[in-house]
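Colleague: The following block contains the structure, expressed as structure tokens.
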Amino acid sequence: MPIARERSGSPTYFQAVGYRVMSRTFTIAPGGRCAGTVDIPGDKSISHRAIMLGSIAEGITKVSGFLEGEDSLATLAAFRAMGVRIERPGPGRVTVHGVGMRGLRAPAAPLDLGNSGTSMRLLAGLLSAQPFDCELHGDASLTRRPMRRVTTPLAEMGACIETAEKGTPPLRIRGGKHLQGIHYRMPVASAQVKSALLLAGLYAEGETSVSEPAPTRDHTERMLAALGCHARRYNDTVCLQGGARLRGTYIEVPADISSAAFFMVGAAISPGSELLLPRIGINPTRIGVLSILRLMGADITLTNERMLGGEPVADLRIRGGQLHGIDIPRELVALAIDEFPALFIAAACAEGRTVLSGAEELRVKESDRIQVMADGLRALGVEASPTADGMIIDGGRPYGGATIDSHGDHRIAMSFAIAGLRANSAIRIRDCDNVDTSFPGFVRTACAAGIAITQA
Ligand code: S3P
């Protein structure tokens, strides 16, 4: 069969015509340590929201530090396709010419959101309130992910959204619906569900309120406030009134703590490391990884704490040492939900047992992150037992190299790249193209930090 190079996971032209699709392979030479100062790209969650909210605001929103990764660029392309003028005047800089709450236009074709669950779920909320019909598509991974968590409460508000049979994409959204505010108690702690409902709630009659079983990232609420719409919070519930108008503003996007996590772990597991990560977002709803690594004995200090675009940031200094296993407190799970692949590597290097439970959500991320991480860790020789809602890892013993399948999941690929720092022989990681969804330039950054990684 001929070989083509294409973005992993997409049901593409090349696959359709019978090409075998090749994706990049990373090879990491064993050992090393992390040193120096490393710049981390902009926050993915905040970058998505800057495009979405800037587009429906009145006037101009200027964004700096925007993540030029495939996921946030998929959101940007979607809004351009709905008639929003969006300029990119320089690296990390975006100018959104907002069209106001009622200014979006019907896209000429289905919106392709690639690998991005955040784009699809938040857009489901925003687009269910528009006067036009539209379709949302994704790649092979996104097309397996559950969407009823958003379509069910949106239907309660009056939206009309069709999914595929198993509640998965594509989504067909019927326009021209009159939405009514609801109170919704989320069965799972999900910022994507909360945000989808708040975005629909902007257009709904009356009040929309969402209660969460555990705190989830609050970037939507913070950014709405920066654009002039103040959602109120009472304990576990956030509510807003329909009919608000948003005003364009200036948004500085902090560096993404989820991307920083790979280097936090990399430095923490390799004795002799000392790494400085500037301008990292330390929103309290995102710092689970910091708390968990500290509980495991990591030496992490925060300096230069300040506010940037309505979000707290700090410079993080991490020194390498010996970690120890812990029972991960349940209340930290939602606050570190994207960082568990990296944290499992920390656990593999930590003395003793680490136990994660209450994290069944990991099974429906870009891959089944419990199974895929357990398979990869075992291939290295680490004692890792997957459970229905987490993992048990007996760490601290030397481990070897292996060829790992990332299943096209960006965070799996980057986590095993970091594992190379403590391996006895080379680690090869297959199917790494999707690293570009959240961390463009990862290989360059990893090399700069001291990781001996090559790609082919
Ligand atoms: C995100 C919320 C989280 C997270 C995802 C980004 C967001 O998803 O895993 O990477 O930007 O709102 P859930 O809402 O499914 O927990």
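Colleague: Averaged per residue, what accessible surface does the chain expose to a 1.4 Å probe, in Å²? Show your work: numbers first, answer last.
Modeller: Details: 16540 Å² over 456 residues.
Accessible area per residue: 36 Å².
Colleague: Right, another one. Hey, how many Å between the Cα centroid of segment 94-154 and the Cα centroid of segment 191-253?
Modeller: After rounding, the separation between the Cα centres reads 17 Å.
Colleague: What do you get for trypsin sites (Lys or Arg not before Pro) in segment 70-113 restricted to DSSP loop and a cutoff of at most 12 other Cβ within 10 Å of the site's Cβ? Don't jump to the answer; show the numbers that get you there.
Modeller: Details: sites: Arg80, Arg85, Arg93, Arg102, Arg105; in loops: Arg102, Arg105.
Sparse-neighbourhood loop trypsin sites (Lys or Arg not before Pro): Arg102.
Colleague: Which value in deg cm²/dmol, rounded to the nearest 500, describes the helix-derived mean residue ellipticity at 222 nm for the chain, given -39,500 (n - 2.57) per DSSP H run of n ≥ 4 and division by the residue count?
Modeller: Working: 13 runs with 129 residues, N = 456.
Helix contribution divided over all residues of the chain: -8500 deg cm²/dmol.
Colleague: Roughly speaking, what is the stretch gain from His324 to Glu305, that is 0.36 nm per residue apart minus the C-alpha to C-alpha distance, in nm to one decimal?
Modeller: On the way: separation 19, 0.36 × 19 = 6.84 nm, distance 2.78 nm.
So the chain would gain 4.1 nm between His324 and Glu305.
Colleague: Then there's this: If you rank Thr27, Thr75 by how much accessible surface each has, with a 1.4 Å probe, what is the order from largest down? Before the final figure, lay out each step's value.
Modeller: Working: Thr27 50, Thr75 0 Å².
Descending order: Thr27, Thr75.
Colleague: Based on the mean of other Cβ atoms within 10 Å per residue, sort peptides 431-439, 59-67, 177-185, 443-451 so the most packed one is first.
Modeller: Details: 431-439: 25.7, 59-67: 21.7, 177-185: 17.1, 443-451: 18.8.
The peptides rank, most packed first, as 431-439, 59-67, 443-451, 177-185.
Colleague: To continue, here is another question. Once you sort the root eigenvalues of the Cα gyration tensor of segment 15-99 as a ≥ b ≥ c, which label holds: rounded (a/c under 1.5), prolate (a/b larger than b/c) or oblate (the other case)? Provide the component values of the computation, followed by the final result.
Modeller: Details: a/c = 3.58, a/b = 1.42, b/c = 2.51.
Cα axes put segment 15-99 in the oblate bin.
Colleague: Kindly identify segment 148-217 as rounded, prolate or oblate by the Cα gyration tensor criterion: order the square roots of the eigenvalues as a ≥ b ≥ c, call it rounded if a/c is under 1.5, otherwise compare a/b with b/c, prolate if a/b is larger, else oblate. Could you put the intermediate results ahead of the total?
Modeller: Working: a/c = 2.22, a/b = 1.14, b/c = 1.94.
Here segment 148-217 falls in the oblate category.
Colleague: What lysines could a cross-link reach from Lys166, if we take a straight Cα to Cα line under 28 Å and drop same-chain neighbours fewer than 8 places away?
Modeller: Lys44, Lys177, Lys194, Lys365
Colleague: Out of every Cα pair in segment 44-252, what percent are spaced more than 25 Å from each other?
Modeller: Details: 6418 of 21736 pairs.
Tail fraction, whole percent: 30.
Colleague: Here is a follow-up. For the chain, what is the relative contact order in percent, using Cα pairs closer than 8 Å and at least 6 residues apart in sequence?
Modeller: Over the chain, the number comes to 19 percent.
Colleague: For segment 374-400 and segment 22-62, what is the centre-to-centre distance using only Cα atoms, to the nearest Å?
Modeller: Result: 28 Å between the Cα centres.
Colleague: What percentage of the solvent-accessible surface of the chain, computed with a 1.4 Å probe over protein heavy atoms, is contributed by carbon and sulfur atoms? Please list the in-between numbers first.
Modeller: Numbers: 8310 of 16540 Å².
So the carbon and sulfur contribution to the accessible surface is 50 percent.
Colleague: If you line up the Cα atoms of segment 308-403 on their principal axes, what length do they span on each, largest first, in Å?
Modeller: Reported extents, whole Å, longest axis first: 44, 32, 27.
Colleague: Using the Kirkwood radius over C-alpha pairs as Rh, can you work out the diffusion coefficient of the chain via Stokes-Einstein at 25 °C, viscosity 0.890 mPa s, in µm² per second?
Modeller: Numbers: Rh = 22.2 Å.
Once the numbers are plugged in, D ends up at 111 µm²/s.
Colleague: Here's another thing I want to ask about it. Would you please classify the overall shape of segment 257-368 from the alpha carbon gyration tensor, given that a ≥ b ≥ c denote the square roots of the eigenvalues, rounded means a/c under 1.5, and beyond that prolate means a/b larger than b/c while oblate covers the rest? List each step's numbers first, then the result.
Modeller: Values: a/c = 1.90, a/b = 1.15, b/c = 1.65.
In terms of gyration-tensor shape, oblate.
The values are calculated or read from the model by the stated rules, or taken from the named source; none is laboratory data. The structure presented is a predicted model; accordingly, all values stated were derived computationally and were not measured. As a convention, Cβ positions derive from the backbone with ideal geometry for all residues, glycine included, and neighbour counts pool all protein chains shown. For accessibility, only protein heavy atoms count, side chains too; no ligands or nucleic acids. Shrake-Rupley method; radii C 1.70, N 1.55, O 1.52, S 1.80 Å.
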